[in-house]
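Inspection log for the structure reproduced underneath, given as structure tokens.
The values are calculated or read from the model by the stated rules, or taken from the named source; none is laboratory data. None of these values were measured; they are calculated from a predicted model. For neighbour counting, all protein chains shown are included, and Cβ atoms are generated from backbone atoms with ideal geometry for every residue, glycine included. When the accessible area is computed, the model is the full protein with side chains, heavy atoms only, and any ligands, DNA or RNA have been set aside. Shrake-Rupley method; radii C 1.70, N 1.55, O 1.52, S 1.80 Å.
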Amino acid sequence: MMKFLFMMMFMMFLIFKKKMFWMVQMMLFFMMMLFMNLSVMISNFSNLSYMFGCDMISFGLILLSIWICSLMIMASENLYKSNMYINFFLLNILLLLMMLYLTFSVMNLFMFYLFFEGSLIPTLMLIIGWGYQPERIQAGMYLLFYTLFMSLPMLLGIFYIFNKTDCLMMYLLKFYNFNNMLLYISMIMAFLVKMPMYFIHLWLPKAHVEAPISGSMILAGVMLKLGGYGLLRVMIFMQEVNFKLNYIWIIISLVGGSFISLKCLCQIDIKSLIAYSSVAHMGLVIGGIFTMNYWGFLGAYIMMIGHGLCSSGMFCLSNINYERLNSRSLYLNKGMMNFMPSMSMWWFLLLSSNMAAPPSLNLMGEISLIISLVSWSKISMIMLMLISFFSAAYSLYLYSFSQHGKYSLNIYSFYMGVSREYLMLILHWLPLNMLVLKIDYSMIWF
């Protein structure tokens, strides 16, 4: 595991040379291929070094991080053309990737906390440095304060655990069972904000709308998954309290998911619609993790990977429109099928994956999550039906509004899609729909 960390560190020297923008991206793809060759134990931690280890959950999420980071560089060609501090931009992306890699691979709970919070700083830099509107400062502050306010109790919780057990290794903590309500709440709130759960989700649409395309991709693709990953790790040693309190979080996330799906139908900004749909999907993931059964954990994991690829691809599409029309309003982004019929196909493919149509990973994840939630309580079926119905509704709403209709006359200064954009979209869509063929790797852990 250490070798990939060194590889990222030495890649940072590349950015001081001129014309290394695409070289960094090629190196990231190369690193991705190397990482895929790791032999990972299905049930235990493998590839252990002093503080790093990798099991199935870490493996999938690290792969996702490297993949999304290399696609972020591909999506940001406009920065390269306008030469907008691209060396600093690359440094930022490499730092962010390093933080994410460390978050997903460290075995020590305190180290995990450190990198979990550290990944916030490069994201903040991306939003404030390369965002579009002056409101990006406010969005950055929202992101910072929401996350930091909830994460201090978690730090105290980690100190408490160390005080009680003299051990912070995640693998060994599974032999403990803490029956302490304060500890439970302090440990999970930081993750619920990061997910984000309904009621504490307000930073997400703000951050997405103000972020540049690379910021949106990493936020939707990987940053929201940090919360799910943390919950999967922490739930193991707090099962007793969880069985007393889990109904609160499940009810909030299911009811919130259906409310947010309705809210999606009111949006006129494409980016904010996609951001709200992320909140609805993550609501299901929270529900699955808190049911504390095998199907829920698996469904949450698969949904996190699937949603990361799908949501990131949809932000790419909205950015492709934005680069041409300089607007994200659904009232102006109309009739795109007349101009870019091939791009229309990609809108259709990614939106169909977003509403969990086969053969996407989202479908597999949603089936597992629905099984887990219905086995927990049959009443949850009502909310699950609403969420499934409305997710199809807002996906169709976005597609029909942006692709059909009479186009406005301000699109006449238009240029067609370039091969880089189509490559970027196919690299989102292929893993999302091809990984289903080897679903046994992510479904058979124990």
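Remarks
- Scoring 5-13, 320-328 by mean Cβ neighbours within 10 Å over their residues and listing the highest first yields 320-328, 5-13.
- In Å, descending, principal axis extents of the Cα set of segment 366-412: 54, 17, 11
- Dividing the Cα radius of gyration of segment 137-248 by its Kirkwood radius returns 1.02 for Rg/Rh.
- For the chain, modelled as a GNM whose springs connect Cα atoms under 10 angstrom apart, the maximal fluctuation among Leu409, Leu144, Leu430 occurs at Leu409.
- Charge dipole of the chain about the Cα centre (unit charges at C-beta), most positive-ward option of Ser327, Asn37, Tyr394: Ser327
- Equivalent-ellipsoid semi-axes of segment 1-143, from the Cα gyration tensor, Å, largest first: 28, 19, 12
- Of the Cα atoms belonging to segment 326-438, the radius of gyration and Dmax stand at 17.3, 55 Å.
- Residue with peak Gaussian network fluctuation, the chain [Cα springs, cutoff 10 Å], from Ile426, Ile370, Ile62: Ile426
- Rh (Kirkwood; distinct C-alpha pairs) - segment 204-351, Å: 16.4
- For Ser46, the residues whose modelled amide H falls within less than 5 Å of its own, excluding neighbours fewer than 5 places apart on the same chain, are Met41, Cys54, Asp55.
- Farthest towards the positive end of the charge dipole of the chain, among the residues Pro205, Leu173, Ser408, is the Cα of Ser408, using unit charges on the Cβ of Lys, Arg, Asp and Glu.
- Shape summary of segment 287-328, radius of gyration then Dmax from alpha carbon positions: 15.8, 47 Å.
- Hydrodynamic radius (Kirkwood) for segment 1-72, which is based on Cα pairs only, to one decimal in Å: 13.1
- Between segment 251-304 and segment 63-122, the Cα center-to-center distance that results, in Å: 24
- Of every Cα-Cα pair in segment 117-203, the percent that sits beyond 18 Å: 54
- The accessible area of Lys81, taken with all protein chains in place and a 1.4 Å probe, comes to roughly 150 Å².
- Equivalent ellipsoid dimensions for the chain as semi-axes, Å, which come from the Cα gyration tensor, largest first: 33, 26, 20
- Unit charges at the beta carbon, dipole of segment 319-444: most positive-side option, Pro358, Trp346, Met383: Trp346
- Three semi-axes of the equivalent ellipsoid, segment 94-168, Cα gyration tensor, whole Å, largest first: 29, 15, 5
- Per-peptide packing, taken as the mean over residues of other Cβ atoms within 10 Å, places 94-102, 377-385, 231-239 in the sequence 94-102, 231-239, 377-385 from highest down.
- Computed from backbone phi with θ = phi - 60° and the Karplus coefficients 6.51, -1.76 and 1.60, the 3J(HN,Hα) list for segment 308-314 is x, 5, 5, 5, 4, x, 5 Hz; x is used for glycine and proline.
- Charged side chains reduced to their Cβ positions (Lys and Arg at +1, Asp and Glu at -1) give the chain a dipole of some 460 debye around its Cα centre.
- Candidates Lys263, Lys194, Lys18: whichever shows maximal mean-square fluctuation once the chain is modelled as a Gaussian network with Cα springs under 10 Å: Lys18
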